[in-house]
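The values are calculated or read from the model by the stated rules, or taken from the named source; none is laboratory data. Quantities reported herein were computed from a predicted structural model and do not represent experimental measurements. All Cβ positions, even for glycine, are placed from backbone atoms using ideal geometry, and neighbour counts span all protein chains on display.
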């Protein structure tokens, strides 16, 4: 059985996935003890674990856990809160989850344009400066900043392949560095782009953005 988690650990477990699809594939339901979300104990069941599975029933009964939200819905609540307030605290997420759990609706953050349903440009930029990405999963910026002259053609062939552009165009870009290879890329996409450069011995500038302010900066390794 998966370990029991605090609220912060549960958020970090969700953020440890690459995208919504991986949340769906990895987890089924979030279970929790009663009371304030900030003090509750959580458990993430496997995707294929059924409520009436004898092991699930025994485990949840032993730890006084009740069905809380589907893991995918739990992630959606975090995503909406993050989009409206990029630098939300753990308390902010607890309140957003409590609201959804009670009303089956997303909490509206005061001051947010309901038509856009997102934070101001200033708030988004402030989060980025602090290394916090746009969503609830780690993202990465990749750039080819410099390349030895002897490896420019090799780099161009890799750029052409990973960005699906003509080799001639890629070669021109590689001769006029720096060059962005992608911004706010999901982990799997960023790793797929970085791999052939690393195999060829060509260094990239990689910047990771964390899901939540209290987390460490993510790496592709």
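Regarding residue 155, is this residue surrounded by 14 or more Cβ atoms within 10 Å (Cβ to Cβ), over 23 Å from the mean Cα position of the chain (by Cα) and either in the same structural domain as residue 85 (by TED's automatic domain parsing) or modelled with pLDDT of 95 or more (or both)?
So residue 155 fits the description; yes.
Inside the range 142-152, can you point out the residues that are buried (at least 19 other Cβ atoms within 10 Å of the Cβ) and not in a loop (DSSP other than H, G, I, E, B)? Don't jump to the end; show me each part of the working.
Filtering the range 142-152 down to residues buried (at least 19 other Cβ atoms within 10 Å of the Cβ) leaves 142, 144, 147.
Passing the criteria: 142, 144.
Can you tell me which condition residue 14 does not meet? The list is (1) touching a helix residue (DSSP H, G or I) at 6+ places or on another chain (Cβ under 6 Å); (2) farther than 26 Å from residue 191 by Cα, and all the others hold.
(2)
Whether any residue in the range 106-123 is loosely packed, with under 13 Cβ neighbours inside 10 Å, within 18 Å of the chain's Cα centre (by Cα) and modelled with pLDDT under 95 is what I want to check.
no
Restricting attention to the range 172-185, report how many residues are crowded, with 18+ Cβ neighbours inside 10 Å and either assigned to a helix (DSSP H, G or I) or modelled with pLDDT under 95 (or both).
The qualifying residues number 2.
All but one of (1) without any contact (Cβ under 8 Å) to a residue 60 or more places away in the chain; (2) under 15 Å from residue 10 (Cα atoms) hold for residue 37; state the number of the condition that does not hold.
Only one criterion in (1) without any contact (Cβ under 8 Å) to a residue 60 or more places away in the chain; (2) under 15 Å from residue 10 (Cα atoms) is unmet by residue 37, namely (1).
Scan 193, 158, 202 and give me the residue that is touching a residue at least 40 places away in the same chain (Cβ under 8 Å), over 30 Å from residue 78 (Cβ atoms) and part of a helix (DSSP H, G or I).
158
For the range 19-41, give me the residue count where each residue is in contact with a helix residue (DSSP H, G or I) (Cβ under 6 Å, 6 or more places away or on another chain), within 21 Å of residue 187 (Cβ to Cβ) and surrounded by fewer than 16 Cβ atoms within 10 Å (Cβ to Cβ).
Within the range 19-41, residues that are in contact with a helix residue (DSSP H, G or I) (Cβ under 6 Å, 6 or more places away or on another chain), within 21 Å of residue 187 (Cβ to Cβ) and surrounded by fewer than 16 Cβ atoms within 10 Å (Cβ to Cβ) number 1.
Do we have residue 55 as surrounded by 18 or more Cβ atoms within 10 Å (Cβ to Cβ) and at pLDDT below 95 here? Walk me through it before giving the result.
Details: surrounded by 18 or more Cβ atoms within 10 Å (Cβ to Cβ): no; at pLDDT below 95: yes.
Criteria not met by residue 55.
Only one residue in 65, 69, 44 is closer than 25 Å to residue 134 by Cα, buried (at least 20 other Cβ atoms within 10 Å of the Cβ) and in contact (Cβ under 8 Å) with a residue 12 or more places away in the chain. Which one?
44
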